[in-house]
Amino acid sequence: MAGIKILLLSITVAFSAYYFFSTETVTPGSVHGKRILVTGSSTGIGEQIAYEFAQMGAHVMLTARRETHLQKVAEKCRKLGALSAHYVVSDMANLTSAQHVIQVTNEKLGGLDYLILNHVGGSGSFGTFQGDMDVVKSSMTVNFLSYVQLTSSALHALKESHGSIVVMSSMSGRVGAPFTTSYCAAKFALEGFYSSLRREFSIWKNNVSVTVAVLGYIDTENAVKKVGDKLTMKPSPKEDCAKQVVKAAILRQPEVFYPFWSIKPVMLVKDWAPILIGNLLDRFYIVENLK
Ligand SMILES: NC(=O)c1ccc[n+]([C@@H]2O[C@H](COP(=O)([O-])OP(=O)(O)OC[C@H]3O[C@@H](n4cnc5c(N)ncnc54)[C@H](OP(=O)(O)O)[C@@H]3O)[C@@H](O)[C@H]2O)c1
Ligand SMILES: *[C@@H]1O[C@H](CO)[C@@H](O)[C@H](O)[C@H]1NC(C)=O
Ligand SMILES: *[C@@H]1O[C@H](CO)[C@@H](O)[C@H](O)[C@H]1NC(C)=O
């Protein structure tokens, strides 16, 4: 009996907490004049995140490989209300270049308040693991090591500003998903690194927040091109995704799940019933379109 009462009490507390946090609102004023770096901001979710911050009057620094895209995004950021919008071209396969991005950010913005780690790349494609080590190394460098390099180089500035780190993860960072071995590996590595770092910040009272975004399938051009014909799932809008991630970052929440009702229940059940969850998720793949 006591057990059931404690369980019910916990559930009530959990739901009240969720209600409280989800209705917490963001005042745009809290971002005005803040300095933001968004990686992988030439397109997709990163581009949308840059626009969200621009609208609230932030200083925005963009980075990716394609200069013409970055130019256009920077221009739109200024139109939307960014106090300034710069970009620096960089290939995250090159960790020295990642270091350089932080150098340029410090020079142009005089510090950093939000480090948004969002880029995704590497030589891997969506498909069966064929034993190719170069694909694994490429994914671990672009999708994991460069994130850590950027964090390492920005650490001093973030401690100084009581800033925030946002890490874009995926359901594939918490549950093994087929046909994405190298991507999954990098996302799991990110989850490990940043959950550990968050504890250290807490213990040493470094006022730097770490927000991990656990995302489902989002309708970016690249994602739809890659998996559109291989998944039966419907993608969620990148604009709304960016809004929810930015809100969680401003509120300094440790985690955000988007779309919430497709991801959160899976997260709650997966440790109790891993085989059930695995089999359930396998049904979303159109294996005829995969080799
Ligand atoms: N879309 C989804 O369904 C989904 C689901 C779960 C999680 N996520 C996560 O959400 C984040 C954004 O995803 P997205 O769909 O918006 O990605 P996307 O549209 O493919 O954009 C990727 C960005 O990364 C940049 N990039 C790629 N390779 C790079 C490299 N070697 N060096 C530097 N920049 C590079 C790209 O720009 P350039 O090509 O110009 O370099 C682009 O700006 C990623 O972390 C992804 O894992 C996405
Ligand atoms: C890596 O980036 C650095 C700094 O931007 C640059 O000097 C170097 O030539 C790059 N290395 C490669 C292999 O492209
Ligand atoms: C931590 O940083 C946030 C954002 O800069 C600030 O609002 C908060 O007051 C800080 N907390 C402490 C204990 O310094």
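The values are calculated or read from the model by the stated rules, or taken from the named source; none is laboratory data. Because the structure is predicted, anything quoted here is derived from the model rather than measured. Because the Cβ atoms are built from the backbone with ideal geometry, glycine has one as well, and the counts that use them run over all protein chains shown. Just so you know, the surface numbers come from the protein's heavy atoms only, side chains and all, with ligands and any DNA or RNA stripped out. Shrake-Rupley method; radii C 1.70, N 1.55, O 1.52, S 1.80 Å.
At a glance:
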quantity	calculated
The stretch 236-269, residues that are more than 16 Å from ligand 3 (Cβ to nearest atom) and in contact with a helix residue (DSSP H, G or I) (Cβ under 7 Å, 6 or more places away or on another chain)	Lys238, Glu239, Cys241, Ala242, Lys243, Val245, Val256, Phe257, Tyr258, Ile263, Val266, Val269
Residue match in the stretch 221-235 (condition: under 22 Å from Ile36 (Cα atoms) and away from ligand 3 (no atom under 16 Å from the Cβ))	no
Test for Lys72: is it open to solvent by 10 Å² or more (accessible area, probe 1.4 Å), in a helix (DSSP H, G or I) and either under 22 Å from Val148 (Cα atoms) or aromatic (Phe, Trp, Tyr) (or both)	no
Residue match in the stretch 94-111 (condition: within 16 Å of ligand 3 (Cβ to nearest atom) and under 24 Å from Glu221 (Cβ atoms))	no
Restricting the stretch 44-69 to residues that are open to solvent by 10 Å² or more (accessible area, probe 1.4 Å) and within 16 Å of ligand 3 (Cβ to nearest atom), the residue that is farthest from Ile116 (Cα to Cα)	Met56
Filtered residue count, the stretch 82-100, keeping only those that are open to solvent by 70 Å² or more (accessible area, probe 1.4 Å) and touching a Leu at 6+ places or on another chain (Cβ under 7 Å)	0
Top-ranked residue in the stretch 179-235 [being touching a residue at least 60 places away in the same chain (Cβ under 8 Å) and of a type in the set (Phe, Trp, Tyr); ranked as farthest from ligand 1 (Cβ to nearest atom)]	Phe179
Subset of the stretch 211-223 that is outside any loop (DSSP other than H, G, I, E, B) and open to solvent by less than 60 Å² (accessible area, probe 1.4 Å) - its residue that is farthest from Gly163 (Cα to Cα)	Ala223
Subset tally (residues that are open to solvent by less than 20 Å² (accessible area, probe 1.4 Å), more than 24 Å from Thr220 (Cα to Cα) and over 20 Å from the mean Cα position of the chain (by Cα)) for the stretch 113-156	0
Unique residue being more than 16 Å from ligand 3 (Cβ to nearest atom), in a helix (DSSP H, G or I), aromatic (Phe, Trp, Tyr) and in contact with a strand residue (DSSP E or B) (Cβ under 6 Å, 6 or more places away or on another chain) when the list is Tyr194, Tyr183	Tyr194
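Yes or no, residue by residue, for (1) in contact with a helix residue (DSSP H, G or I) (Cβ under 8 Å, 6 or more places away or on another chain); (2) closer than 25 Å to Val224 by Cβ; (3) modelled with pLDDT of 95 or more; (4) among the acidic types (Asp, Glu):
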residue: Ala14; (1), (2), (3), (4): no, no, no, no
residue: Leu37; (1), (2), (3), (4): yes, no, yes, no
residue: Ser41; (1), (2), (3), (4): yes, yes, yes, no
residue: Glu52; (1), (2), (3), (4): yes, yes, yes, yes
residue: Thr68; (1), (2), (3), (4): no, yes, yes, no
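Every residue, every condition in (1) within 16 Å of ligand 2 (Cβ to nearest atom); (2) in contact (Cβ under 8 Å) with a residue 60 or more places away in the chain; (3) small (Gly, Ala, Ser), yes or no:
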residue	(1), (2), (3)
Ile49	no, yes, no
Met56	no, no, no
Thr63	yes, no, no
Ala74	no, no, yes
Lys79	no, no, no
Leu83	no, no, no
Ser90	yes, no, yes
Gln99	yes, no, no
